[in-house]
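Quick notes on the structure that follows.
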Amino acid sequence: MHEDNKAAANGCGKIRSGAQNGAALLALMEKTGYSMVQQNGQRKFGGPPPGWEGPPPPRGCEVFVGKIPRDMYEDELVPVFEKAGKIYELRLMMEFSGKFIGVCVSLDNCRLFIGAIPKDKKKEEILNEMKKVTEGVVDVIVYPNATDKTKNRGFAFVEYESHRAAAMARRRLIPGTFQPWGHTIQVDWADPEKVVDEETMQRVKVLYVRNLMISTTEDKIKAEFNKFKPGIVERVKKLRDYAFVHFFHREDAVAAMSVMNGKCIDGASIEVTLAKPVNKESSWKHHFNGQISPSSENLLGFPSKEDSTQKSLGKPASLSVRLNGQHSSGSPEVERSTYPFFPGIKLTPISMYSLKLSHFSSAVMHLDYFCHKNSWAPPEYCLYSTTSQDGKILLVYRVLISSIADDSQSYFMPEKLCTTVEDAKELAAQFTLLHL
């Protein structure tokens with residue numbers, strides 16, 4: 001790191017020469033007995049520490065620390081972090097800047113999303129391709145196509161032995177130099193799996209069944225699970241190629257999961273797991289980093305504290321709010337540009353649910369995407385109308401959100417009316433997202 005960069009980053013004017021820095025780090029290693037290795041843009045201190053016996057700490061023991069001053073090194077950081085407990089490993093990136101640090105639990109994500117995979121490729125072929133260019137591959141998760149079980153869905157999840165292995169693989173794959181089967185693939189972090197505490201999971205008596213045929217009916221699923229033990233299934237809820245099977249008793253659900261996993265129904269080999277309960281009250285805010293701000297409500301046309309007595313009718317103030325709580329006059333809007341389509345450009349069919357939230361500019365699409373991610377039924381919109389004093393037809397939608405896992409239902413209706421169907425539906429979706 002250049003000295004002028006260090007001086008600029010440090011408001012206190014503290015400058016330490018390279019020799020002083022090296023001496024301080026050597027003194028730290030002599031004092032602690034830890035080793036230090038620099039590789040791939042980061043410096044690793046420890047891992048394992050001297051005298052360590054047994055396996056590395058399990059997942060969930062790592063924290064991420066951001067915004068570290070650029071002139072602060074291990075000899076100053078280690079004493080601070082040691083106050084919390086014994087350090088197994090500290091990895092210092094070499095490009096952080098700022099004066100205040102932020103600490104949060106590390107996601108410790110070990111899974112990558114790989115998109116634009118040829119649909120005729122099997123799990124073994126994808127696994128072998130990933131092992132050729134990346135290290136630490138543990139497994140590949142591939143889902144069959146909903147209508148043709150001989151094909152995949154055009155994407156897969158690659159599981160790595162550690163977060164570091166996944167991060168290194170992502171770094172290597174992202175530039176696009178790796179083109180398996182002549183295809184340019186898409187690479188990103190997979191969404192972290194929802195973590196449900198063990199006490200809650202011990203009460204679950206609903207099974208999640210996937211890889212069903214589209215043609216398989218709820219009655220057929222219920223009959224197949226009742227073959228294991230007659231009368232144990234309370235009801236079945238099916239959407240496309242997956243379903244939730246509700247049992248009267250938990251012990252029957254657990255036993256049925258063991259027996260039915262891998263069984264064949266209508267020619268499809270099904271996968272059966274315990275369904276994870278969803279907390280609808282906080283899940284949307286958590287999904288969007290929990291940053292729902294008052295400004296978002298004002299942009300939706302909701303009255304503020306200052307003008308709460310005003311009751312305006314008609315078009316909401318803004319239908320282009322980004323719905324992530326970070327909208328401001330200076331923040332960028334979702335890119336809405338168009339680009340020329342030249343002859344010969346290759347197109348790849350994808351599912352909208354494999355895209356990122358940044359690809360959606362409307363609240364209607366955000367809500368549909370969010371319901372799908374949480375394994376809820378698609379939102380249902382019911383249109384109502386009234387007439388204003390000047391004779392205009394005014395419209396409002398009521399939205400129904402159903403949780404398939406626990407069969408609960410919630411209704412949402414904004415307190416504003418619109419003059420067009422499109423605006424009414426968009427406002428209803430915005431209102432629903434802010435209150436989920």
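Quick check: at a probe of 1.4 Å, how many percent of the accessible area of the stretch 198-274 sits on carbon and sulfur atoms? Numbers along the way, then the final one.
Numbers: 2040 of 4000 Å².
Here it works out to 51 percent.
What net charge is computed for the residues neighbouring Val245, neighbours being all others with C-beta under 11 Å from the C-beta of Val245, Lys and Arg scored +1, Asp and Glu -1? Working shown, then result.
Details: positive: Lys205, Lys222, Arg235, Lys237, Lys238; negative: Glu218, Glu224, Glu234, Asp252.
Every neighbour counted, the sum reads +1.
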* **Cα gyration tensor shape for the stretch 25-93, rounded if a/c is under 1.5, else prolate or oblate** => rounded
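So which of Lys123/Lys149; Lys44/Lys83; Lys121/Lys346; Lys346/Lys425; Lys373/Lys425; Lys151/Lys227 end up more than 23 Å apart by C-alpha?
Values: Lys123/Lys149 13 Å; Lys44/Lys83 19 Å; Lys121/Lys346 19 Å; Lys346/Lys425 35 Å; Lys373/Lys425 21 Å; Lys151/Lys227 30 Å.
Violating the 23 Å Cα-Cα cut-off are Lys346/Lys425; Lys151/Lys227.
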* Compute the FRET efficiency between Thr217 and Lys83 as 1/(1 + (r/R0)^6), taking r as their Cβ-Cβ distance and R0 = 60 Å, and round to the nearest 0.05. => 0.50
* Which FRET efficiency, nearest 0.05, do Lys119 and Val37 yield, Cβ-Cβ r, R0 45 Å? -> 0.60
* Asked: So what's the net charge close to Lys220: Lys and Arg +1, Asp and Glu -1, counting the other residues with Cβ under 13 Å from its Cβ?
  -> 0
* Label points 7 Å out from Cα along the Cβ direction at Ile350 and His163: separation in nm? -> 2.6 nm
* Structure fact -> Scoring only Lys, Arg, Asp and Glu (+1, +1, -1, -1) among other residues with Cβ under 10 Å from the Cβ of Glu89 yields +2
* Structure fact -> Once Glu415 and Gln389 are pulled to full extension, the length gained, defined as 0.36 nm per residue separation minus their Cα-Cα distance, is 7.6 nm
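Return the carbon/sulfur percentage of the accessible area of the stretch 111-189, one whole number, probe 1.4 Å, all protein chains in place. Show your work: numbers first, answer last.
Working: 1910 of 4020 Å².
That fraction is 47 percent.
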* Structure fact -> Nearest-0.05 FRET efficiency for Gln20 and Ser408 at R0 = 45 Å, using Cβ-Cβ distance, is 0.10
* Using a 10 Å cut-off on Cβ atoms, rank the peptides 357-363, 220-226 from the highest mean neighbour count down. => 220-226, 357-363
* To do: Would you work out what percent of the accessible area of the stretch 355-435, with all protein chains in place, is carbon or sulfur (probe 1.4 Å)?
  => 51 percent
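The values are calculated or read from the model by the stated rules, or taken from the named source; none is laboratory data. Only a predicted model underlies this, so the values are computations on that prediction, with no experimental measurement involved. Using ideal geometry, Cβ is built from the backbone for each residue, glycine included, and neighbour counts are taken over all protein chains shown. Surface areas here come from the heavy atoms of the whole protein model, side chains and all, with no ligands, DNA or RNA. Shrake-Rupley method; radii C 1.70, N 1.55, O 1.52, S 1.80 Å.
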